[in-house]
């Protein structure tokens, strides 16, 4: 393969340098094979490997602010992704020797001893450069973000960097010793800036998979305050965000469209699980009063989530009848008759998606149903659904074996659907038994 022309190589270099981290990782994996080491691809692979290394150094040095440079909710502290690129370029111009030292120290055996001092020194240089606005590299950041807020984050980076190794312990199981450690970090942050507390929690929250778990750290620092005091404090926004998110998720569960299928049902179940976890976290972290500003809302949301989930579950029987239609055994049976499979047409795709979404939703809320107050309702709904499915499967297998009661070809399609449904309402083992019985019935009918 011919070498890449100089002008094209420049374009490739620019693309590699500006590629998102996920795209860069994908490119690195794609070029990792033997073919990636030949001809022009070897040059591209070299560029990718150099960029991966450079970003590792950059992200290690700027680790306290890296998760802030991503898409976040509008009320949260955030900077455009380009912030890291411009900030690192400015540091390489302002302090090239220290950047080289950071790169040399950015290896596993150095990092095992804790972050090198040069990492914090570079963050301090960056914060000073942003405030001074004397160098073109730092001036460029003024056009894309709030440089005062960015400088403040960099000033707190020494505190955040020291707290990050302890953060998972703080949110997993807070002890008195860990609470003291969190209070000390808060005190050190306020020594840098008296109003630094909320920003410290913002930075720490950005490093958590579930940022609302920062409530546990704030609670430890404030010694589990009452909701009236917390709501009126400078960190009240953290509780308000969680409450707003709970309300948003309840609204989503109430309004989600089952016609969108399994993914939508799973998404609704995740929302229900999140609501359960967030309510529990609020109850553990805040001393909620029945007539308090947050206590009243939490009580309202607990009632609301139970109502919307039960409404969704209660609709499952109707969706089941639409997806696996029955015809009355006799005219006198009417709507009260259980009926037998109605094999007039192939399964309706929309109805199939709707029932799948509802069954997935019911299956996936298993872990949070009891704590959220709808565990017994869920058990009753599943009992009724499984009873209907069991009878339907027996009837449809009879048709597969004998042809008595409908078209055998359609019966085979419906028995496969029923097996898939019972995998959600009961378990995959039961579904596999149904599939084996269907295969045996088909073989006997052949």
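The values are calculated or read from the model by the stated rules, or taken from the named source; none is laboratory data. What you are looking at is a predicted structure, and each value in this text was computed from that prediction instead of being measured. Cβ placement follows ideal geometry from the backbone for every residue including glycine, while neighbour counts extend to all protein chains displayed.
Within segment 258-291, restricting attention to residues that are outside any helix (DSSP H, G or I) and touching a residue at least 40 places away in the same chain (Cβ under 8 Å), which residue is surrounded by the most Cβ atoms within 10 Å (Cβ to Cβ)?
Only one residue tops the list, namely 286.
Residue-by-condition table, conditions (1) in the same structural domain as residue 160 (by TED's automatic domain parsing); (2) over 20 Å from the mean Cα position of the chain (by Cα); (3) assigned to a helix (DSSP H, G or I); (4) farther than 25 Å from residue 130 by Cα:
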| residue | (1), (2), (3), (4) |
| --- | --- |
| 48 | no, yes, yes, yes |
| 52 | no, yes, yes, yes |
| 55 | no, yes, yes, no |
| 58 | no, yes, yes, no |
| 72 | yes, no, no, no |
| 75 | yes, no, no, no |
| 80 | yes, yes, no, no |
| 83 | yes, yes, yes, no |
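Taking residue 180, is it closer than 19 Å to residue 198 by Cβ, at pLDDT 95 or above and in the same structural domain as residue 212 (by TED's automatic domain parsing)?
It is false that residue 180 is closer than 19 Å to residue 198 by Cβ, at pLDDT 95 or above and in the same structural domain as residue 212 (by TED's automatic domain parsing).
Is it true that residue 382 is closer than 20 Å to residue 415 by Cβ, surrounded by 15 or more Cβ atoms within 10 Å (Cβ to Cβ), under 30 Å from the mean Cα position of the chain (by Cα) and at pLDDT 95 or above? Spell out the reasoning first.
Values: closer than 20 Å to residue 415 by Cβ: no; surrounded by 15 or more Cβ atoms within 10 Å (Cβ to Cβ): yes; under 30 Å from the mean Cα position of the chain (by Cα): yes; at pLDDT 95 or above: yes.
Considered against the rule, which asks whether it is closer than 20 Å to residue 415 by Cβ, surrounded by 15 or more Cβ atoms within 10 Å (Cβ to Cβ), under 30 Å from the mean Cα position of the chain (by Cα) and at pLDDT 95 or above, residue 382 comes out as no.
Restricting to segment 101-143, give me the number of residues that are assigned to a loop (DSSP other than H, G, I, E, B) and in contact (Cβ under 8 Å) with a residue 40 or more places away in the chain.
Residues in segment 101-143 being assigned to a loop (DSSP other than H, G, I, E, B) and in contact (Cβ under 8 Å) with a residue 40 or more places away in the chain: 3 in total.
Taking residue 432, is it more than 25 Å from the chain's Cα centre (by Cα) and in the same structural domain as residue 260 (by TED's automatic domain parsing)? Please lay out each step first, then the result.
Numbers: more than 25 Å from the chain's Cα centre (by Cα): yes; in the same structural domain as residue 260 (by TED's automatic domain parsing): yes.
Spelling it out, residue 432 is indeed more than 25 Å from the chain's Cα centre (by Cα) and in the same structural domain as residue 260 (by TED's automatic domain parsing).
Quick check on my filter: what residues within segment 328-351 are modelled with pLDDT of 85 or more and under 19 Å from residue 400 (Cβ atoms)?
Selection gives 340, 341, 342, 343, 344, 345, 346, 347.
Given the structure, is residue 199 assigned to a helix (DSSP H, G or I) and either in the same structural domain as residue 280 (by TED's automatic domain parsing) or under 16 Å from residue 149 (Cβ atoms) (or both)?
Spelling it out, residue 199 is indeed assigned to a helix (DSSP H, G or I) and either in the same structural domain as residue 280 (by TED's automatic domain parsing) or under 16 Å from residue 149 (Cβ atoms) (or both).
If residue 124 satisfies all but one of (1) at pLDDT 95 or above; (2) crowded, with 20+ Cβ neighbours inside 10 Å; (3) more than 32 Å from the chain's Cα centre (by Cα), what's the number of the condition it fails?
In the conditions (1) at pLDDT 95 or above; (2) crowded, with 20+ Cβ neighbours inside 10 Å; (3) more than 32 Å from the chain's Cα centre (by Cα), residue 124 misses (2) alone.
Quick one: count up the residues across segment 90-100 that are buried (at least 17 other Cβ atoms within 10 Å of the Cβ) and assigned to a helix (DSSP H, G or I).
Here the count works out to 5.
On the given criteria, is residue 399 free of Cβ contacts under 8 Å to residues at least 60 places away in the same chain, assigned to a helix (DSSP H, G or I), buried (at least 18 other Cβ atoms within 10 Å of the Cβ) and touching a strand residue (DSSP E or B) at 6+ places or on another chain (Cβ under 7 Å)? Talk me through it step by step, then tell me what you get.
Details: free of Cβ contacts under 8 Å to residues at least 60 places away in the same chain: yes; assigned to a helix (DSSP H, G or I): yes; buried (at least 18 other Cβ atoms within 10 Å of the Cβ): yes; touching a strand residue (DSSP E or B) at 6+ places or on another chain (Cβ under 7 Å): yes.
Criteria met by residue 399.
Can you pull out the residues in segment 294-309 that are assigned to a loop (DSSP other than H, G, I, E, B) and either surrounded by fewer than 19 Cβ atoms within 10 Å (Cβ to Cβ) or at positive phi (or both)?
None; the set is empty.
Provide a single number: the residues in segment 147-165 that are surrounded by fewer than 17 Cβ atoms within 10 Å (Cβ to Cβ) and touching a residue at least 60 places away in the same chain (Cβ under 8 Å).
So the count comes out to 2.
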